[in-house]
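Input: a single structure, listed below in structure tokens.
The values are calculated or read from the model by the stated rules, or taken from the named source; none is laboratory data. Quick caveat, the model's predicted, so the values are computed rather than measured. Cβ: placed from backbone, ideal geometry, glycine included. Neighbour counts: every protein chain shown.
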Amino acid sequence: MLISLRNIHKTYLLDKVAIQAVRDVCLDIDAGDFICLMGPSGSGKSTILHILGCIEHPSSGNVFIRGENTRTMRDAALSRFRNRHIGFIFQSFNLIPVLNVRENVEFPLVIRGGKFDRDHVESVIRSVGLSDCMAHRPDELSGGQRQRVAIARALVTRPDIILADEPTANLDSKTGGRIIDLLLALNRESGTTFIFSTHNETLSRYARRTIRILDGEIYEAAGAGR
Amino acid sequence: MIYVLISLRNLKKNLGKNALTLTMISFGMTALYVYTGSNTQMFRQFRESVIHDQYGHFQLYERGYTDADSKDALAHLVKNYSFIEEALLQDSDLDFLAPRLHFSGIASGDEKSIIIKGFGGVPEAEARMEYGRVYRGNFLESDGSAQTVMGEEALRKSGLGIGGYATVLAGMSSGGMTAADFRITGTRKGCGEGDRLNGMFMISDLSSVQELLGVPGSVDTIIVHLAAGITADDKEDDIRIFCERHGLEYRRWDELALFYERSRQVFAMNEHILTAIILVISVFIIINTLYMAYMSRMREIATMRAIGTTKAQIARIILNESLILSVTGCTFGVLVAAVISFIVFVTGGIHHPPSVFNEESYYTFIQPEAPVIAAYFVLFMLVSAAASLVIALRAFKFSIAECLRWI
């Protein structure tokens, strides 16, 4: 088992009102899976992705990734853990605007410290079809190209899991379809586990498992039971 | 390297916002450079004036002289001055000596008498110091006759005139009284201890005063002037050993000229206050500018954190930006100050009116000491580091997920 969520609850305070974003979620994910978190806006899918990505702690419950309880890790250790095992693809691409394509892609390796394989960086950029744009800054790229850079950045560390929060939401349907095709191809080639969130029914058909979320709860998990 | 790259590019990207911070740091550095530079020059000239015109580098006395009260001063004379003079002048580090014998008493003209305080000195030596400057008439001549230069005010109060004779009545070491006539060759203004004493000032030739007081060959003070380039610190050990060997004691110029140190402290305090104000303003401006810049980049910071950048690495990026700002600002400030210094130099310097110790006005230039400017650089960098720490702590208050939701 690669990921195991156990009785996850997440409560936010909005002013003085407690908002329960996630309620008693239990979820097991195997290595190499391709999962879609489906649900309307505000259903809690982003919060579950953040908890899976160790960038947010649950209010209660435990998160086990590769058998390690991430709730007990200190901040620096958790940063290193994310760097080594988790890749992120964001809805708005979230590239570092002052770095060019190559620098953005190699950034996760640079912060790791020590030397890294530049040929590997270039081959990852080639694999997402951006070998002609290595020196371009994000503002010189189209939306689809930016998302490809974000995918390359997520892939470059050879992580176990890639989390994608509505990766096609800011793209037209044609480009969005190509991005999902790319993610599927990478999943098949590298065996990396992909988990993406969307409220687009069409995209959910690409997934091997679709987990439907409503009001912070999993109410349907096609392909696997809760 | 990537951290420096990100910092540099972000600074360039936000150049408009950072211009205010850079300008503030530059102005601050320019102000400190100019203020410190002109003060340093002014005090350098002041110190040289105090040493060369007034106190010499050292003053030597018979042991016990400085502790004796004025009534016993004549009991602590250097009786073998010519022997001491010969021994001292064998040292090539010494430029010249100015022996003095102080006295007090009454000077009388035809109708009026005034209390006088003065000293006898060697005309050639005194001519190289401030007492060699006369206001009216001439300085003492070395013709062996009893002469005197009086304070302008003393001359007026006594009703005497230049070319006339003042009869001086003084106490002797034996306790009796003695009198002699001194021909008045000139007058001077000021007398080294403020204009108040000008009304009782008198300088005469040494041999006549020795004769008046009945102490031939004796002096009470030997002012030692060192050769150019030799400082009191360089020579103090030799002077101490010499004094121990010959039953003398000594005082350094800075022990005698307490007003110099007090003035320097006042200016140093002003400098510290100015520095503190500039640094405090700088720290607030740096914090404000960078904080605003970072607030607009919270999503970028959160993304970096999400993909594994530690808090320490983020703090390093903020620190780099802050340090680059301060070093650039300081460098620009020094360049502006250097241009101002050059303009002051080519236009002849900053005019200063005469001080209480000098009758002539003087000019100074802007020449700070390199270690002081280096210290300001370091101070600005420390302030920047503190500012970046504040920004980092504020930025880390937000969770990664919270910042990503700001999309």
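A compact table of results
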item: Total residues in segment B:118-164, condition part of a loop (DSSP other than H, G, I, E, B) and of a type in the set (A, V, I, L, M); result: 7
item: Residues of segment A:61-99 classified as under 13 Å from the mean Cα position of the chain (by Cα) and either free of Cβ contacts under 8 Å to residues at least 12 places away in the same chain or under 15 Å from A:ILE162 (Cβ atoms) (or both), total; result: 11
item: Residue list for segment A:55-103, filter: in a loop (DSSP other than H, G, I, E, B), under 22 Å from A:GLY113 (Cβ atoms) and more than 9 Å from chain B (Cβ to nearest Cβ); result: A:ARG66, A:MET73, A:ARG74, A:ASN100
item: Residue list for segment B:55-87, filter: surrounded by fewer than 19 Cβ atoms within 10 Å (Cβ to Cβ) and either part of a strand (DSSP E or B) or in contact with a helix residue (DSSP H, G or I) (Cβ under 9 Å, 6 or more places away or on another chain) (or both); result: B:ARG63, B:GLY64, B:ALA68, B:ASN80, B:PHE83, B:ALA87
item: Residues within segment A:98-121 that are basic (Lys, Arg) and under 21 Å from B:ILE301 (Cβ atoms), tallied; result: 1
item: Of all residues in segment B:193-235 being assigned to a helix (DSSP H, G or I) and in contact with a helix residue (DSSP H, G or I) (Cβ under 8 Å, 6 or more places away or on another chain), the one that is farthest from B:ALA107 (Cα to Cα); result: B:ALA232
item: Residue within segment B:154-172 that is touching a strand residue (DSSP E or B) at 6+ places or on another chain (Cβ under 6 Å) and free of Cβ contacts under 8 Å to residues at least 24 places away in the same chain present; result: yes
item: Candidate set: segment A:168-205, residues that are hydroxyl-bearing (Ser, Thr, Tyr) and surrounded by 18 or more Cβ atoms within 10 Å (Cβ to Cβ); chosen: the one modelled with the highest pLDDT; result: A:THR193
item: Residue satisfying condition, being aliphatic (A, V, I, L, M) and outside the structural domain of B:ALA370 (by TED's automatic domain parsing), within set B:ALA31, B:ALA68; result: B:ALA68
item: Condition check for A:GLY143: on the phi < 0 side of the Ramachandran plot, among the small types (Gly, Ala, Ser) and buried (at least 20 other Cβ atoms within 10 Å of the Cβ); result: no
item: Residue match in segment A:120-128 (condition: surrounded by 15 or more Cβ atoms within 10 Å (Cβ to Cβ), touching a residue at least 12 places away in the same chain (Cβ under 8 Å), within 14 Å of chain B (Cβ to nearest Cβ) and not in a helix (DSSP H, G or I)); result: no
item: Any hit, segment B:359-368, residues being in a helix (DSSP H, G or I) and at pLDDT 85 or above; result: no
item: Residues located in segment A:44-54, provided they are assigned to a loop (DSSP other than H, G, I, E, B) and farther than 12 Å from A:GLY216 by Cβ; result: A:GLY53, A:CYS54
item: Candidate set: segment B:283-303, residues that are within 7 Å of another protein chain (Cβ to nearest Cβ) and crowded, with 18+ Cβ neighbours inside 10 Å; chosen: the one nearest to B:ASN14 (Cα to Cα); result: B:GLU300
item: Among (1) small (Gly, Ala, Ser); (2) surrounded by 18 or more Cβ atoms within 10 Å (Cβ to Cβ); (3) on the phi > 0 side of the Ramachandran plot; (4) more than 14 Å from chain A (Cβ to nearest Cβ), the one test that B:GLY308 misses; result: (4)
item: B:GLY214 at pLDDT below 90 and either within 14 Å of chain A (Cβ to nearest Cβ) or under 30 Å from B:ARG183 (Cβ atoms) (or both); result: yes
item: Enumeration of residues in segment B:252-264 that are more than 30 Å from B:VAL168 (Cα to Cα) and either in contact (Cβ under 8 Å) with a residue 60 or more places away in the chain or assigned to a loop (DSSP other than H, G, I, E, B) (or both); result: B:ARG252, B:TRP253, B:TYR260, B:SER263, B:ARG264
item: Filter result (among the aliphatic types (A, V, I, L, M) and touching a residue at least 40 places away in the same chain (Cβ under 8 Å)) within segment A:19-42; result: A:ALA21, A:VAL22, A:VAL25, A:LEU27, A:ILE29, A:ALA31, A:ILE35, A:LEU37, A:MET38
item: Among (1) of a type in the set (Gly, Ala, Ser); (2) modelled with pLDDT under 90; (3) assigned to a helix (DSSP H, G or I); (4) out of contact with any helix residue (DSSP H, G or I) (no Cβ under 6 Å at 6 or more places or on another chain), the one test that B:ALA338 misses; result: (2)
item: Wholly enclosed strands (runs of 3 or more DSSP E) of segment A:1-43 bearing at least 3 residues in contact with a helix residue (DSSP H, G or I) (Cβ under 6 Å, 6 or more places away or on another chain) and of a type outside the set (D, E, K, R); result: A:34-38
